[in-house]
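K.L.:
Can you keep this structure in mind? I'll have questions shortly.
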Amino acid sequence: MIDQFAVFTPAGNLLYGYNSLNKKFSETQINRFVSEFISQPVKDVTSKFPIISTSDTSYMYHETKQPHLFLVVSFASSESIQLTAEAESVVVLATKLWESLGLNEVILDNISGKGKKNVHNFRFITEGASDQISKFGSYFEVKYDEMKKTSQQKGKKHTANYNKQVPVSAANKGKQSSKGKKENSQIKARKWGRDGLLEETAAMDESLDFSEGNRTASPPIAIGSDLESDMRNGSQFGKQNDKGEFLINEIDELLASNKEKSKAKPTTSSPFSFLQKHILGNKTISEEDLKTVLDSLKQKLISKNVAPEVADHLCNQVSKDLIGSKTENWTSVDQTARESLQKCLSSILTPSVSVDLLHEIQKRINKKDSSGLNDPYVFSVVGVNGVGKSTNLSKLAFWLLKNNLKVLIVACDTFRSGAVEQLRVHVENLAQLTDHNHVRGTKNRRGKTGNEYVELFEGGYGGSNLVTKIAKQAIKYAKTEHFDVVLMDTAGRRHNDATLMSPLKSFAEQANPDKIIMVGEALVGTDSVQQAHNFNQAFGKERNLDFFIISKCDTVGELLGTMVNMVYATSIPILFIGVGQTYTDLRTLSVEWAVNSLLS
């Protein structure tokens, strides 16, 4: 466990401090860091998150330049890999959260002279940021508590299972020394972002470690086994219903556990404010009554990454709904407007079409031709560069495998260097999770990467003509080899580049997938409107997107505006949302959770 975390300026001005043991924050540790590092800078630091150590305390830090701040984690000086990994996770978590709340922008405004001066003609660098810092503290503590609980639970599990023997092939028995077994029992789960930074670290079950040194030692997991007890976050992933279908759970309300702390304070201290808010009702609402309320709600939505044009639309809908109506007894205009906005948001986010894919897939499987073969159910995954198409395609594959469906993954990204190799790694991972006899790097009976449940279909690298050729061949191959589902990965492309977008139309016409899924990134913010619109129009008048998967929702907290933007722009429903980098980090959207987060 870390000792403390702090955000402060080079001058030692503490902006936020946290003690993990619920003790008084010790500024002495920060003073020692300032003395050891800032007064005597470390030279030739090459690590992303450098560590400096005193006799009893180590400091891992991240230094920002605009504005100039230090985010520092202190912990007991030790060579423990677990403690160092935990510190790195805390730095990454805090950095992303600090940036997502816009605190750097507020500080830069104050430094540049835009902030308000106090009575002594001095500008505090955090002037006007008290709410964001309070929210940062609340979210940070919740996320860190979750991190600790996950680590403790996994630590107990590893202790209980430490002496259990793992069957290995005769060829590999000699490679497992007692030292290797001990090291493998302490393996950490690591989430990596597209920038190469570690996002989260927690104790991990060995079955999910695919590193070179642990490939033969990882305990096997077979199809149909209870993965929930064996995989990190497995208990939140989903469960089987009484029909034997494995259904993914709704998004976890991680931050909702702190909602009591973040409730808005009363806007007035008048002794009659209670009467005005709760007793006075039956008021006819005018446009003037709504103006201030809607301006406030609009700014709240925009602060949560809802695009301005979408926020305007929502506020106009509230106006149409309420002007001329009367408030109910015990209800204020403000509360009435919020309830109307909740309905509008819920209406946008609630799927307007059936998303019961399992039934559709099963219906297709049961429809045989005269030769006793069925056409596979085909998905195509599209999106801009770097949003996580391949990762989320693999999560989707894992869910389908949990439903005992045979999956063919097709490498239709023939442009990006390493795209085929990336999918090959995913298929090897999924093969190990579905067949305990699978050995990484070996071919199945058809000479392909994978096993009898999941397989990679690849055709190398080339132009757009090769893409459609691979797609057609893969569908034909899937039918003859009795695959139930085909998942086609495609190249990332800029949504505002007509040259890159144009091949999508011919691809959709020739491959003719049953469902086209766009992966959108929660981090993208207001540009998501144009992204969703352009991709939805790229397939021609006769074809549109079918679903969205919104990735990286674990990195934005309550800034969920991207979801609203993309659905508003296209009327296309959200199938799943991504909440991490493992195969179980997929959830269905809880509309209530999303709306409450946006309006909190």
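Here, each number is a calculation from the coordinates, and none is a lab measurement. Owing to the predicted nature of the structure, the values given are computational and were not obtained by experimental measurement. In this analysis, Cβ positions are derived from the backbone assuming ideal geometry, glycine residues included, and neighbour counts consider all displayed protein chains.
K.L.:
Apply 1/(1 + (r/R0)^6) to the Cβ-Cβ distance of Ser371 and Ser346, taking R0 = 56 Å, and write down the FRET efficiency to the nearest 0.05.
P.N.:
Values: r = 47 Å, r/R0 = 0.85.
Once rounded, the FRET efficiency stands at 0.75.
K.L.:
Quick one: net charge of Gly540's neighbours, Cβ under 14 Å, K/R +1, D/E -1? Walk me through the numbers before you get to the answer.
P.N.:
Details: positive: Lys505, Lys541, Arg543; negative: Glu509, Glu542.
My count for the surroundings of Gly540 gives +1.
K.L.:
Taking 2.2 N^0.38 Å as the expected size of a compact globular protein, what ratio does the Cα radius of gyration of the range 357-599 give against it, to two decimals?
P.N.:
Cα Rg divided by the expected 2.2 N^0.38 Å: 0.99.
K.L.:
Right, here's the next one. Give a quick list of trypsin sites (Lys or Arg not before Pro) in the range 336-411 that DSSP marks as loop, anything other than H, G, I, E or B, with at most 11 other Cβ atoms within 10 Å.
P.N.:
Numbers: sites: Arg338, Lys343, Lys363, Arg364, Lys367, Lys368, Lys389, Lys395, Lys402, Lys406; in loops: Lys367, Lys368, Lys406.
Within the range 336-411, the qualifying trypsin sites (Lys or Arg not before Pro) (loop, at most 11 other Cβ atoms within 10 Å) are Lys367, Lys368.
K.L.:
Next question. Once fully extended, how much extra length lies between Leu14 and Lys476, figured as 0.36 nm per residue of separation less the alpha-carbon to alpha-carbon distance? Please list the in-between numbers first.
P.N.:
Numbers: separation 462, 0.36 × 462 = 166.32 nm, distance 6.34 nm.
Extra length from Leu14 to Lys476 when fully extended: 160.0 nm.
K.L.:
Would you mind calculating the gained length between Val425 and Ile81 on full extension (0.36 nm times residue separation, minus the Cα-Cα distance), in nm to one decimal?
P.N.:
Values: separation 344, 0.36 × 344 = 123.84 nm, distance 2.57 nm.
Roughly 121.3 nm would be gained on extension.
K.L.:
Between Lys443 and Asn496, 0.36 nm times their residue separation minus their Cα-Cα distance comes to what? Before the final figure, lay out each step's value.
P.N.:
Working: separation 53, 0.36 × 53 = 19.08 nm, distance 4.04 nm.
Full extension of this stretch gives 15.0 nm more.
K.L.:
Using 1/(1 + (r/R0)^6) with R0 = 41 angstrom and r between the beta carbons of Arg416 and Ser571, what's the FRET efficiency to the nearest 0.05? Kindly include the intermediate steps, with their values, before the conclusion.
P.N.:
Values: r = 30 Å, r/R0 = 0.74.
Computed FRET efficiency for Arg416 and Ser571: 0.85.
K.L.:
Additional query: Report the FRET efficiency, 1/(1 + (r/R0)^6), for Lys283 and Glu250, where r is their Cβ-Cβ distance and R0 is 35 Å, rounded to 0.05.
P.N.:
Details: r = 37 Å, r/R0 = 1.06.
The pair Lys283/Glu250 has a calculated efficiency of 0.40.
K.L.:
While we're on this one: P(r) for the range 403-489, please, calculated from all Cα pair distances in 10 Å bins and given in %.
P.N.:
Answer for the range 403-489: a P(r) of 19, 51, 28, 2 percent.
K.L.:
Net charge within 14 Å of Ala569 by Cβ-Cβ distance, Lys/Arg positive one each and Asp/Glu negative one each, not counting Ala569 itself? Each step should come with its number before you reach the end.
P.N.:
Working: positive: none; negative: Glu309, Asp312, Asp527.
Within the 14 Å Cβ shell, the charges total -3.
K.L.:
Follow-up question, since we're still on this one. Over the range 357-599, what is the percentage of antiparallel beta bridges among all DSSP beta bridges, to the nearest 5? Mind showing how you got there, number by number?
P.N.:
Working: 4 of 31 bridges.
So the antiparallel bridges amount to about 15 percent of the total.
K.L.:
Using a 10 Å cut-off on Cβ atoms, rank the peptides 308-321, 546-559 from the highest mean neighbour count down. Can you show the working numbers first?
P.N.:
Values: 308-321: 17.4, 546-559: 23.5.
With the highest mean Cβ count within 10 Å placed first, the list reads 546-559, 308-321.
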